[in-house]
Each structure stands twice: as C-alpha cells, then as structure tokens.
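Notes for the one structure printed next.
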Amino acid sequence: MELNDANLQTLTEYLQKTLSPDPAVRRPAEKFLESVEGNQNYPILLLTVLEKSQDEVIRVCSAVTFKNYIKRNWRIVEDEPNKISDPDRTAIKANIVNLMLTSPEQIQKQLSDAISIIGREDFPQKWPDLLTEMVNRFQSGDFHIINGVLRTAHSLFKRYRHEFKSNELWSEIKLVLDTFAQPLTELFKATIDLCQTHATDVNALKVLFSSLTLISKLFYSLNFQDLPEFFEDNMETWMTNFHNLLTLDNKLLQTDDEEEAGLLELLKSQICDNAALYAQKYDEEFQPYLPRFVTAIWNLLVTTGQEVKYDLLVSNAIQFLASVCERPHYKHLFEDQNILTSICEKVIVPNMEFRSADEEAFEDNSEEYIIRDLEGSDIDTRRRAACDLVRGLCKFFEGPVTGIFSGYVNSMLTEYAKNPGVNWKHKDAAIYLVTSLASKAQTQKHGITQANELVNLSEFFVNHILVDLKSPNVNEFPVLKADAIKYVMTFRSQLPKEQLLEAVPLLVAHLQAESIVQHTYAAHALERLFTMRGANNTTLITPTEMAPFTEQLLNNLFKALAIPGSSENEYIMKAIMRSFSLLQEAIVPYIPTLIGQLTHKLLLVSKNPSKPHFNHYLFESLCLSIRITCKANPDTVGSFEEALFPVFTEILQNDVQEFVPYVFQVMSLLLEIHSSSIPSSYMALFPHLLQPVLWERTGNIPPLVRLLQAYLEKGAAAIASTAADKIPGLLGVFQKLIASKANDHQGFYLLNSIVEHMPPESITQYRKQIFILLFQRLQSSKTTKFVKSFLVFINLYGVKYGAIALQEIFDDIQPKQVALLLSKCVCQMFGMVVEKIVIPEVQKVSGQVEKKICAVGITKILTECPAMMDTEYTKLWTPLLQALIGLFELPEDDSIPDDEHFIDIEDTPGYQTAFSQLAFAGKKEHDPIGDAVSNPKILLAQSLHKLSTACPGRVPSMLSTSLPAEALQFLQGYLQAATVQLV
Amino acid sequence: MSKFKNKGKEPTKMRDRRIAECVELRKAHRVESILKKRNISLGDEEPLSPEYNTDNAQVITATIQEIVANVNSDCPEKQRQGCQAARKLLSRERNPPLKEIVEAGLLTRFVEFLGRHDDPTLQFEAAWSLTNVASGTSWHTQQVVEHGAVPAFIALLASPMLNISEQAVWALGNIAGDGPSYRDSLIDCGVIPALLARLTPDAPVGYLRNLTWTLSNLCRNKNPFPRFSAVQQMLPSIIQLLHHSDKSILSDACWAISYLTDGPNERIDVVIKTGILPRLVELLGFEELAVVTPALRSIGNIVSGSDLQTQAAIDAGVLSALPQLMRHPKSSVQKEAAWAVSNIAAGPCQQIQQLITCGLLAPLVDLLRNGDFKTQREAVWAVTNYTSGGTVDQVVHLVKCGALEAILNLLQVKDTKTVLVILDAINNIFLAAEKLGEVDKLCLLVEEVGGLDRIEFLQNHENNAVYRAAQALIEKYFSEDGEDQCLTTEATDANFVFGASEVQKRFDF
C-alpha cells in the first residue's frame, strides 16, 4: 500500500463509512479495513489521515482505528507471523510521541493509549529513547504537552502497582528512575511555583492542578515496589510539598458541582494514598513526617463538607487515620483525651450522619440502598470508613472511645426527643454509632458475634429500639423503623431470647409497611431469627412459640409481595421459605390457599425470569409445601400435581431455560412420594425426557438423571411393558453421558438404576453392548472418576446378577485366544479387569454405600465364582482378597494424578445455566443392598467359610502362602466376629 | 478451581528463598552489610606512620603537579614527601582526587616504591596511597591491579614492619572486595597462605581486625563462588577468629560465614562440618548489632538449606535464640529472624512441631500484627510455608494462635506478591479445615474478622494471579448456592442412538 493521495482518499472514505449508523454500510467498511490492515504502510496511512485531515470527526475516527489496530496487532506472538512490518514499527515509534503531544485532547488520549500498548511490548529494550523523548518535553513549558507526557507515563508505569517483583521489572523501574525521577521532581517543584505565580488565574490553575495530580499518581507508581534511593534522598522535597498541598485551599478551584469530585479533591485523595503507602511500607524512613500528615489529614477531615464529591477524599483520609492509629508506635499520637474527643466529634460523628443522598436512595433506589447497607458493599462509603476508624481506635482506646461516644449518643437522643419530627436523623446517627461501637465481629449468618462489653445492647433495645418497633403507625419515620429492625437483626445473637420473642410479632407487623426498605428488613430479620439455633441444635424459636402469629406471619408475607416494588422481592420469598421450614406441619392448614398463590407467582415470573434468588426460593417454598403436606398425608401428592402440572407444562413447552432444571427436581420429589406405581401422566412425559436437545444443557443433566432414576425406581416394570421401545433411547442417554469426562458419573447413576430396577430380561439384549462401551471409554480416556464409578457399577452388577454372570459376560467380550495368528497374546477380559482395575484402584472408591457395594461384589467374586479358583485366575485370588481387606481397613486413597485436576472445569462447555440444587427437594441416600447385608466384613467371613467347606484345605493354604500377616490378622478378626472357622 | 488448588501438593518446597542477588531500588543500608571497600581517611586518629611528621597544612596544599614532580624525582626525601602528600590528598573525607592521581600516572611509581625495602617509610606511604585508590570504584581498583600491585602487596604481607604488612592486608582486602574475578586472581597468586601466616597469637587486635576483614572479602561474592579448596584453606582460621573476644573481629568473621553459607547446600555443608553452629547460635545472643546481624544472616542461610542442615541448626539450639531476636528492637533483626523462621517452617512437619514446642508461634503472630512491612512480609511467608507442610493439627494450632486473623488483616497490604502468598496460606488453611469437616466454621471465622470482605475486594485486583486466587476461594468456600453435586453418541430428534459404533477387537488397559 503506497503512501499516496489516492490511498489516503480511499482510506478516508472507508473511515467515514465506519461511522454510518446503517449496518449495511458500516459493516462492509469495517470488513474492508480489517482486510487491508496487514499491508505495509497501513498504520502510516492512518496516522497521516489523523494528522492531515481537515475533518475533525475523521481525525478522531482514525485515531480510534489506529489504537485498535495497535491493540490487535502490535504484540509479536511466538510462532505466529509478525503482523506489522519492521519499517512501519520504526516509523510509528519515531513519530507517535510528537503526534500525540501536538494533537487535541480527544486524539491525544487515543494515541496515549496506543503508546502504552506499544510500550508494554517494546519499552525499554526496543524503544530506548522513548523516555528521554518524553522527559525533554518537560522543558517545553506548555502544560498541554506536559500533561500529555504525564498521562502517557502514568499509563506506562501504573502496572508497577500490581505486578510481582522480578529482576526484569525492577531493571525497568531502575531505568525509569534514572531518567525520569529527577526531571519529575524538578517539574513538581516548578509546577508548585507556577501555582503561586498564577494563583488568581483559574484556567491556568486547573491545568496546573491536573499536572500535580498526575505527578502524584506517578509518584505512587514509582514508589510502589520499593522505596527508591532517589526518592529517599528527596523525601524532604516531596513530602513537604505534599503536606503543603494537603493543607491548601484555593477558593478558585472549588467546584459548584455536588457530585463530581473537583481537581483539589482528586489531588488530595491521591496524596492521602501516597502518604498511606509510605506509612505502610516505608515506616522507618517516613516516621519523621508522619505526625505532620496525621494532623494535616485530620484537619482536612474537619474542614471538609458533607457533599458527595468529597466522599472518596474523606474515605481515603479516614482510612489513612484508621491504618495509622492501630500501629503500636503511633498510639501516642491519638492518646490524648482531647485528641480522641476531637476525632470522635469532628471526624467520626459527622461522617455517620444520614445525608440527603442516603435519604434519596432510601426512598427511590431501595434496592441499591439495601445492598449497600445490608450486604456490606459499602467499602468506599464514609460511614464504612468511619466505622473502620472506630474499630481501629478501639484497639487501644476502647474504654475512652466508648465513654466519649456514649456522651454523644445520649445528647443526640436528647435532641431527637425534643422534636422527633425534625430531629429524627439524630436518632439514626445515634443507632448507627451504637452499632459500630458495639460490633467487634460479624457474619451474615449470625449477625454480630462479638460485642463491645462496655455497650449495654439489651438496655438500648428496651429504651430506644422497642419504641419504634411498637409505634402504632408503621409508616411514620420509615428510616428509624428500618434502623430499629436492623438493630434486632444485627444483634440477634447478643439479645436475650425474650426480647427476640417480643420483637417477632412487631416485625410481622412491619411487613406491611409501605417503605420497601422497611418491609424488606422486616422479612430479612424474621428470616434470620428463624435460622437461629438454640440448645440441642433445634431452632431457637419453636413452632409452638410462633403459633399465635402463624396466620398473621403468612398473611403479611404474601401481602408484602403485593406491595409495589416488591413483587419479586427475594428477601420476602426467602422469609416465606424459612417460615415454612420452621413451622412445618403448622402450615398444612394454609397450604391449599398458599399453593395457589405460589403457583400464580410462578406463572407470572416464568414469563420473564429476572431474579434468580427470588425464583430459587420460590421453588424451595414449593418443595417445602409438598414435603410437609405429603409427610402428613402422602395421598395429597395428587392435588399438588394437579396444581403444578399446568404451569410446569407451560414452562417445559416454552422451554424456560432457567426453570426447567427446577421443574425436573420438583417432579422427582413428587414422583418419589408415590408409593407404588407410576401415574400415567408421568409416563406420557417419559419419551420427551429422552430428547437430545434437553441433554445439551449442562444445567439439565443432574436433575434429569435424578428424574429418570425416579422413573426407574417407581416405573421400571411399566417401562419394560409399555415403553420397551424407549429402552434404547434411555441407554442412549447413558452412552452420551459416559462419553464426557465431566458427566460420566451421571451416566453411571442412570446405569446403576437400570441394573437395579429394570426386569433383567428387558435389558438382556443390551448388556454386552453396555460393557463394550464402558471398555472403550476405559481404553480411550481412563480417569480416576470414571474408574471409581466403573468399579461401583461392575460390583453392583455382580451383586445383582451374580459373580459368574459378571465373569462370563466379560470373557464373552474378549476370550482368551491362542495366539497363532496374532502378533501378541490377547488377555482374557475378566482377569485383566480384576488385575489392572479392581485390585489397584478399589482403594480410591469413596462413599459409604459405594464402598459397601464394592465389598459385597468382591466378596461374591472371591467366593461364588469358580473361575477364580480353578483357572489361571487363581493367582489373582489372594491379591483380590488383600485389596478387599485394604478397602475395609486402610484410609481412602484420594490422590489424583496431576493431569486430572482440572477435568471437571475444562469439560464444562460454555456459560450455560448452572444447575442450582434445591435443598428442600433433596434426595435421601439410596442403598441398593440395604439391610440384606448389614456388615460386609461378616459377609466376607461367612462366605469364605462356605467356600472353604466346599473345597476343604484350599482356602487356608492360599491364605498362608501369600496373604501378608497384617491382612491375615484383620481377616482373623472378621472370622472371630462371625464365629466361623476356615477348614 | 484454578491451579491454586494444587499448591499444597507441590513438591518443590519454598525453602530456596535465599536473599537473591537482585536488582535493587533501595539505598544500600550500611548496618545490613559491611563495606566492600574501605578508605583510610585522616580522621581524629594519628596517621599510622608516627615517625614521619611534617607540617600537614603545607603538604595538603601541595598540588598534583608538585606531587608528580616529587614522586618522579630521584631524591628519596622528595619521593617520601611526594608520596605522603599524595596519601594525604587521597585520605580526604570528601572527594579524594583518586582519578587525578591515576591520570597523573603516579601508580607505576607507587607500585615500584612497594618494593623499596630499603625505605620502609616510602613503602608505607605508597601502600597507603594505593590502598585508597583501590577503595574507589571498580575502575580505580582495576588501575591499581593493572599496574601490577597484587604480587607486590602479597610480597609485602611478609614485611617485618607490622604497619607495612597491615597496609598490604588492607589493600588486598579492597582488591578482593571488588568482585569475584579479582578475588580469584588474588587467590591464584597465593594470597591465602600469605595472609594466614600472619595470623599469630601475638598479632595485635588492630592488625587482626584488618586481616579478618580481608579474609571475609575473600569469601565474599557469588557467580562464581570462591573455589572449594580456597574455602577449605581459610575456614579453620575463620572458625578460630569466631572465638575471639573482639567484637569487630567477630563481626567480620561472621560476615565471612554468612558469605560462605549463602550458596548451594554443599557450600553450607562445608561450614556445618566445622562444628561452628553452637558458637553461631551463641553469637545470636550478643548485644552488638554488628555481631548479631551477620550471625543471624548465617543461620538464616543455613536453615534455607536441606532438611538435614536445618535440623543441624535446630539441634544447635537456634530455636531458643530466635524468639528474642523476633522481639529485637531493630526491625532489621526482626525481619531476618522472621526469614529464618519462614525457612524452618518450609521443612517437614517434625521441624514445624519444634517451632511450636519452642514457642515461636506467639512472637511470629506478633510480628504479623505489629512488625514493619518487610518483617510482616517474611512472617507471611512463614505462615504459608507452615500451612503447606504442616499437619492438620499443626495448622489448627497456628490458627488458634491468631495467625489467620493477622494475615487476613494484611490482605490490604500494598504488595502484590505478599497478598498472593497470604491467599495461598488461606487456601492451605481451608484444605486443613476440609479434612476436619470444619469448613463452615472456618468460613464464619474468616467472615467475622473481616476477611471475607477483603477477599471479595481482591476479586477486583489488577493482578490476574491475585484476582483468580481470590475468586477461587470465594467460589469454593463462600458462594451460597450453585453448589454442583455434581465418544460421541448419535442422536435423532427424539432419542440418542444406543450402541457402540464399532466394536474394538482388543482391549488392553
């Protein structure tokens, strides 16, 4: 591609087209540009357009295109062709800095990004003069240029803040320091001088302050990894100036905007970060400066207003104090009672106040308010920072701080009492202060778990919290009501049970409040109280204690779902679930009404599922309704099916992906309740469950397998008689599942159920095929997980059909062949499996039931399979017995070969709906052997005894010749326990 | 999960964490090491040549030209004057004119004067001047060597005049301190036997100090290390010096040991075999920082060796010396002590058990809480090593001592590697909790002390390894739901087609 006018013209035209809103014009243009970008000179053409075009839009467009081109192509990947020619690379590097610095800001930013992408690859080795070129521009005196340089330097150096120490990285930093640190320091000083010269020129100041902010950011990056010699030598210059800047206030730079942080705030925030970095990492060197910074930052806090724009600055500044005050050797800076009092009064209390921004969020953006207030996503807020400072100060000064704050709490409460209508925010702050003072440790599950003993939580509850909870008008002062509810929730583990019981009916009443925050908190508080555990690990609050309020509780919870804004409120739905779970049979009388409401809700949300948590708890609540009701009266299962199947059908027909796995789980639960035969409604659905499309979604697999298992458990005979043509399809599912390393265990669950429940004759014709598939998988990709499942399966097969059947089917697939025509001997299958798989791997089998199946199965192979005694398999007999004793006595072998660790993840395709297990649809563990064998060790002893009587003398001689003494000792223990002897 | 999960099973222990020769950004701190080269300055001390006193003022003002003229003259008196004037210029505290003297071409003459056994004063002044030139940069040292000073100095070691011999010791120390290549050429020239010959019981302390320092420089520097035979030659004398009563000799002898142990395990072995460990441990208890620092560095190096070598240090009693060093007022000592602990913690669980028995956990947790940043960083490594090699019971014990809370607090530290190392430790602790079936309890504990917030926050970290590790912890242990309980097949719309596509004839597993 030549650098000529015609090409420039063409390029301009295509760039123009890429801006078209019409995809029919835009897409081909984009395609075209991509198709030519491999040509030499393409980037130079772009830069030329950027430089020469008269059209501002085209210039920006070309800058963006250039940056993206660099992003895609600059990196040289090993073994791949170099996508940008060397002359182009050289030309770009020679021109781009200058071009960036002389361009208007919008283009400058794009080019600056491009430079940092190039720099990441080429700097410093392949771009040695970059820094010098940049540093030279400091002399220009033009702050538009200087800021361009600083911005580019910032994007080049900021990675020093998070990369690991390495020789390569540190060499680069050293190089940067050598060329950059001194000029940067000079620039810093000069800029500060200029600020004084231009103290009255607001436009000049703006530019200068953005330079200072950038310089401060660069300082942070360059000092992050370690304290460089240069900066240690020049600490005086930097710290003195930083300190001055912190204390500086320039009216001209104050902004009117309440939300957006101004230049002064940004600069001071960064300086706080710089001071915090030094205080944390270079304590020894920074010590002389620290007290000054503490004072300056504290003064800064005292004089900074409540506006949102100061939030970042204030929280950074408070965090600085918080981190310093808990270090033992700075304790003295805070020790003085007057200082402590001022910090509490002027820094902490003001930042705990409920601001108008909070009030707006409380009313209009309740969802975000709740997330911030309840779930602790408030890392950067002032309140959070203030709490952290309280906690920091309490490390050394718990007593004095508690004393000081008690005074404040009292005076704020007095203020409130004088005129609640006007002063309610004082009470809010008082409650917040008590909460932050009292909480020493906290979890979502238990609330506060460790409290400051100097705060009397119970007394505060009686005197100040209960009043608001009891207030007859639930809609008055919603913020204070929400505070009171939150207090109960937060301190639930600290308050005596009587007080909690006193609160319960009041909380129930608050479910009706109009304020979303308030009724959400009430639901959440109830839900949390219901999960609390008392003695004997039963719930703290009993269904009996709840009896007087049950009806009100259920009513109000469902009514709350009707309040505008809360129709899919996950806290309420979770409270419903928890109430069901707590109340158990007490809810049975209400279920006929409630199930209608739940199904209705399900129908509504299935149109457009948007709240995953809400939906999950909704299904959990459905499961609970079913379990609790059917436990009392299993016959009611039909009425649930009647109520639910229409909605389920709709969900399945419309293929509502989020809900399908839940539907299968609920159906499994329902089907498992049926005592004997399978209803025809289920059988009608059976063929559909085998449809491949359903099995393509990973989230469907576990619940579908479970549902099919329920079908087999309840309806194996029905399938064999009325749907025998579907058996190949069912086995097809098994085949599909075992082909995947991630899902093979699910395939085995299915196969085990088939073997266990299907009438033997119905699957006779498929048996050999099943084994061949398993052997193929063993051959092609043997993993530990597969082997474990395989072992359980073959043993189950042996238990079900007998050891001889097992041996025969194996050897039928691959009999011993006298190797006349074959180049090597073919091993006989049964022996090979026992030798290569069972004996070495059985120790890895995990799970009580699984181990039991293997134990019984192996016992059968040892004692009921003549081939083991009479053929060349005899040599495997003792090792197999030894492996069985190992299975009984040795710890499980949970080692996994190195290359298998990541299978589960790698094989999960894409981002499909993950499977969410419903806790209350839970399946009890199934033991296919059950009571038939209660102690497998005894079974082994008895079976060996039987075998030995059948062929006297042989068993003891096999044992004595090759079973290790230790194993023999265990075996003798079993024989004694079973009171049998070998003959 | 990510790779993180396997960390605990990595067979490569973290015990190879030596203080690597790495690019440094920091100022070299004097206390942490001794100078590689020493200039002899005219301080308060009398010049070492008492018999030759002239008017100082007059000489100091002497110009280089005058010096050149004097030195090059044939008159012994003038030569002495010139030489002394040069020595005085070179002994100035600030900016001695090393380069000027070299460029004036004086070195040839100075080296020549070293051989003037007839004029000890001249020998002495010339030796002193050369010593000071050699104390400059590598370039300066190179000038001295290239003018043939090495054989001359080695010959001078045997001088009957103690002050001249001492000067030679000093000059050779400076040359050896320049780096491995001059060090080895000195050794090739037979410097060691010549030095050791002067190590006699009647040698004055001042002389022995210089001798020890020069020996230490002969042990110094890696890439390559001084060869084994040389080390073997020097070691018995160094061991002997380690029993001296002079603190400065002890300090330099300890530094020598620290250089010799800062290498592969076979280097460490040579030192251990001398039986010096108990003495080193004893030196850890000294008051003087100048002794404690190199003794502790040596011990630190030794415990970074093999399990057996570490055990030798433990058997020598190092574990009872460490607690007080971990509580030493100097943070540099705390840091080195924590480093040593981190390496012992990287050992087998029997050694970890000894850390517990000897009461090292409490001071370790103190350091995690209140140490300065560099110390905390080492202490964090100790926790991670401990939790990756310790038994479940040992890990539980560490958590009970408050280490978990302390490291969780450190997650806000502004050092990416440390953060990752902490996440590794947390993961190890969770693995132990899994074995005990106590994961839920541990989750609550982590959350209670504010650790969950910090780990969650790290999911936004700029560093990939950190955010992945944080994410893995959250997903594995803290996500409420989404807990999975958890060949091609032909398919039609309705069914999968069952059946093996082609039957393989032979199976062989």
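Listed by first and then second residue, the pairs linking a residue in segment B:175-191 that is open to solvent by 30 Å² or more (accessible area, probe 1.4 Å) to a residue that is assigned to a helix (DSSP H, G or I), with Cβ atoms under 6 Å apart and 6 or more places separating them unless they lie on different chains, are B:ASP178/B:SER138; B:ASP178/B:THR141; B:TYR182/B:ILE175; B:CYS189/B:VAL150; B:CYS189/B:ILE154. Restricting A:SER112, A:SER171 to residues that are within 14 Å of chain B (Cβ to nearest Cβ) and farther than 27 Å from A:ASN244 by Cα narrows the list to A:SER171.
Considering segment A:1-21, the residues that are part of a loop (DSSP other than H, G, I, E, B) and open to solvent by less than 70 Å² (accessible area, probe 1.4 Å) include one that is nearest to A:ASN68 (Cα to Cα), namely A:THR18. Of the listed requirements (1) surrounded by fewer than 21 Cβ atoms within 10 Å (Cβ to Cβ); (2) within 20 Å of A:LEU526 (Cα to Cα); (3) in contact with a strand residue (DSSP E or B) (Cβ under 6 Å, 6 or more places away or on another chain), A:SER471 misses just one: (3). Please pick out the residue among A:LEU130, A:LEU175, A:LEU187 that is within 30 Å of B:ASN463 (Cα to Cα) and open to solvent by less than 20 Å² (accessible area, probe 1.4 Å). None of the others qualify; the one that does is A:LEU130.
Total residues in segment B:450-470 satisfying the condition of being closer than 13 Å to B:LYS417 by Cα, open to solvent by 30 Å² or more (accessible area, probe 1.4 Å) and not in a helix (DSSP H, G or I): the figure is 2.
Of the residues making up segment A:742-759, those that are more than 11 Å from every other protein chain (Cβ to nearest Cβ) and out of contact with any Phe, Trp or Tyr (no Cβ under 7 Å at 6 or more places or on another chain) are A:SER753, A:ILE754, A:GLU756, A:HIS757, A:MET758, A:PRO759. Of all the listed residues (A:GLU892, A:GLU872, A:GLU864, A:GLU835), the sole one being more than 20 Å from A:MET958 (Cα to Cα), open to solvent by 10 Å² or more (accessible area, probe 1.4 Å) and not basic (Lys, Arg) is A:GLU892. Suppose we filter segment A:303-337 for residues that are within 14 Å of another protein chain (Cβ to nearest Cβ), part of a loop (DSSP other than H, G, I, E, B) and open to solvent by 40 Å² or more (accessible area, probe 1.4 Å); how many remain? So the answer is 2.
Name the residues in segment A:343-360 that are in a helix (DSSP H, G or I), open to solvent by 20 Å² or more (accessible area, probe 1.4 Å) and modelled with pLDDT under 90, would you?
Selection gives A:GLU345, A:LYS346, A:PRO350, A:SER356, A:ALA357, A:ASP358.
Which residues, counting only those in segment A:924-954, are at positive phi and in a loop (DSSP other than H, G, I, E, B)? Across segment A:924-954, the qualifying residue is only A:GLY953. Among the residues of segment A:224-238, those identified as open to solvent by less than 20 Å² (accessible area, probe 1.4 Å) and more than 8 Å from chain B (Cβ to nearest Cβ) are A:PHE231, A:MET235, A:TRP238. Pick from segment B:413-444 the residues that are within 10 Å of chain A (Cβ to nearest Cβ) and part of a loop (DSSP other than H, G, I, E, B): which of them is most open to solvent (accessible area, probe 1.4 Å)? Residue satisfying both the conditions and the ranking: B:LYS414.
Here the helices (runs of 4 or more DSSP H) wholly within segment A:718-821 that include at least 3 residues being β-branched (Val, Ile, Thr) are A:727-738, A:760-780, A:784-801, A:803-813. Just checking, does segment A:957-967 include any residue being at pLDDT 90 or above and surrounded by 13 or more Cβ atoms within 10 Å (Cβ to Cβ)? Within segment A:957-967, one or more residues are at pLDDT 90 or above and surrounded by 13 or more Cβ atoms within 10 Å (Cβ to Cβ).
Scanning segment A:286-302 for residues that are open to solvent by 30 Å² or more (accessible area, probe 1.4 Å) and assigned to a helix (DSSP H, G or I) yields A:PRO291, A:ARG292, A:THR295, A:TRP298, A:ASN299, A:VAL302. For B:ILE356, the conditions (1) more than 14 Å from chain A (Cβ to nearest Cβ); (2) crowded, with 20+ Cβ neighbours inside 10 Å are fulfilled apart from (2). Of the residues contained in segment B:132-139, one or more are found to be open to solvent by less than 10 Å² (accessible area, probe 1.4 Å), within 31 Å of the chain's Cα centre (by Cα), farther than 26 Å from B:GLN233 by Cβ and among the β-branched types (Val, Ile, Thr). Within the option set B:GLU447, B:GLU480, being assigned to a loop (DSSP other than H, G, I, E, B) and either within 13 Å of chain A (Cβ to nearest Cβ) or at pLDDT below 90 (or both) holds for one residue only, B:GLU480. Under the condition of being assigned to a helix (DSSP H, G or I) and not hydrophobic (A, V, I, L, M, F, W, C), the residues counted in segment B:258-312 number 20. Scan segment A:429-468 residue by residue and report those that are more than 30 Å from B:ASP440 (Cα to Cα) and open to solvent by less than 60 Å² (accessible area, probe 1.4 Å). Answer for segment A:429-468, where residues must be more than 30 Å from B:ASP440 (Cα to Cα) and open to solvent by less than 60 Å² (accessible area, probe 1.4 Å): A:ALA429, A:ALA430, A:ILE431, A:LEU433, A:PHE460, A:PHE461, A:HIS464, A:ILE465, A:LEU466, A:ASP468.
Tell me yes or no: at least one residue of segment A:384-406 is aromatic (Phe, Trp, Tyr) and either surrounded by fewer than 19 Cβ atoms within 10 Å (Cβ to Cβ) or within 20 Å of A:ARG327 (Cα to Cα) (or both). Looking for residues that are aromatic (Phe, Trp, Tyr) and either surrounded by fewer than 19 Cβ atoms within 10 Å (Cβ to Cβ) or within 20 Å of A:ARG327 (Cα to Cα) (or both), one finds at least one in segment A:384-406, hence yes.
Taken over segment B:181-212, the criterion of being part of a helix (DSSP H, G or I) and touching a Phe, Trp or Tyr at 6+ places or on another chain (Cβ under 8 Å) is satisfied by B:ASN210 alone. Return a yes/no flag: does segment A:779-788 have any residue that is within 12 Å of chain B (Cβ to nearest Cβ) and hydrophobic (A, V, I, L, M, F, W, C). Yes - at least one qualifying residue is present in segment A:779-788. Scanning segment A:528-571 for residues that are touching a Phe, Trp or Tyr at 6+ places or on another chain (Cβ under 6 Å), open to solvent by 20 Å² or more (accessible area, probe 1.4 Å) and assigned to a helix (DSSP H, G or I) yields a single hit, A:GLU570.
The values are calculated or read from the model by the stated rules, or taken from the named source; none is laboratory data. Just so it is clear, the model here is predicted, and its values are computed rather than measured. For neighbour counting, all protein chains shown are included, and Cβ atoms are generated from backbone atoms with ideal geometry for every residue, glycine included. For accessibility, only protein heavy atoms count, side chains too; no ligands or nucleic acids. Shrake-Rupley method; radii C 1.70, N 1.55, O 1.52, S 1.80 Å.
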